[in-house]
1. How much length, in nm to one decimal, is gained on full extension between I145 and E233, taken as 0.36 nm per residue of separation minus their Cα-Cα distance?
2. Starting at the first residue of the stretch 113-124, write each ³J(HN,Hα) from the Karplus equation 6.51 cos²θ - 1.76 cosθ + 1.60 with θ = phi - 60°, in whole Hz, x for Gly and Pro.
3. Among the GluC sites (Glu not before Pro) in the stretch 192-250, which ones are in a DSSP loop with at most 16 other Cβ atoms within 10 Å of the Cβ? Mind listing them?
4. Let me have the relative contact order for the chain, percent, based on Cα pairs under 8 Å that are six or more residues apart.
5. Gap in Å between the Cα centre of the stretch 27-52 and the Cα centre of the stretch 181-195?
6. Which one, (1) -0.32, -1.24, -1.43; (2) -0.30, -1.10, -1.26; (3) -0.46, -1.25, -1.30, gives log10 I(q)/I(0) by the Debye sum over Cα atoms at q = 0.08, 0.15, 0.16 Å⁻¹ as derived from the coordinates shown?
7. Taking the Cα centre of the chain as origin, sum charge times position over the Cβ atoms of Lys and Arg (+1) and Asp and Glu (-1), and report the length of that vector in debye to the nearest 20.
8. Per residue of the chain, what 222 nm ellipticity follows from adding -39500 (n - 2.57) for every DSSP H run with n ≥ 4, rounded to the nearest 500?
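The values are calculated or read from the model by the stated rules, or taken from the named source; none is laboratory data. Just so we're clear, the structure is a prediction, and the values are computed from it rather than from any experiment. Methodologically, a virtual Cβ is constructed for each residue, glycine included, from the backbone with ideal geometry; neighbour enumeration extends over all protein chains shown. In case anyone asks, the SASA skips ligands and DNA or RNA and just uses the protein heavy atoms, side chains included. Shrake-Rupley method; radii C 1.70, N 1.55, O 1.52, S 1.80 Å.
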Amino acid sequence: MKDLIKKYQYLKKIDFSKLEVIADGKSKTIYALDDETAIMFYKPHLRSVTNKREGVIEGTDVYRMYATMFFLNLMEKNNISTERIVDKIFNINGKLAILIKRCRPIPLEWIRRYYAAGSIVRLFPIFVKEGQKFEPPLNKYDAKIDVSLTGGIDDPTMNESYITGLHLMTKEQFDEADKMLSKIGDILKKVYEDAGFKLVDLKMEFGILNERIILIDELSQDCMRANDIVTGETLTKDAYRQWKTPEEVLATYKTFLERMCPNYKELVVIL
């Protein structure tokens, strides 16, 4: 731990406002440190296009980052390459950040569904019923395009032909990412069950580094639907979609983290 702190102590002296901004969205900001590394800060922003709710709930960014690091570390232990460089979150002058590898992000959201919920129920009512179990699970691919640019359609759905035909990635890269989507989802499903959760669905993002696929962005309460196996209570972003109060949403995110990773505070290193 001392060696880790010593190696990255220089981050405390950086004026991030003077660095190149790689990405600055509603949920996170990423700064370039050099040609190979970057640093990512989260923002406490939440949005549900379908439920027409958007806002800021302080503290949700912290719980999301803890959850993401826990899951990224889990993936690395299962031989799945991720963007994180070290297995700790850095506390830099009171702000939490994750050190990441620079890569080419693929502008897609990769979704794996175990049970029917959300858009699939709304879009295919004659085929799908709420809560229906999918055997085998379904994989879905959505373009990362803001709703303001698509005439009201949020993250339009794509298929393999579109993805490879528009040269977003090669056929080999698509196949690799699709296998990773299934593997990651199934690993998480088992971890969730062990924690007393039912994993309904999840989304993730991938990037390309040296022509290989790596897991990027975040795996958090914002990216998954999960319910308590016994009570059915939502433990993820559905609490926000259901118009629960900010205090209830924050408590939901915290409960998820405490049950999934009781020692989550050990994931942070103060520089």
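1. Gain in length upon complete extension: 28.6 nm.
2. Running phi through 6.51 cos²θ - 1.76 cosθ + 1.60 with θ = phi - 60° gives 10, 9, 9, 7, 6, x, 5, 5, 6, 5, 7, 10 Hz.
3. Listed in order of number, the matching sites are E211, E233.
4. 21 percent
5. Using only Cα atoms, the two centres lie 24 Å from each other.
6. Of the labelled values, this structure produces (1).
7. 440 debye
8. Estimated from H runs of four or more residues: -9000 deg cm²/dmol.
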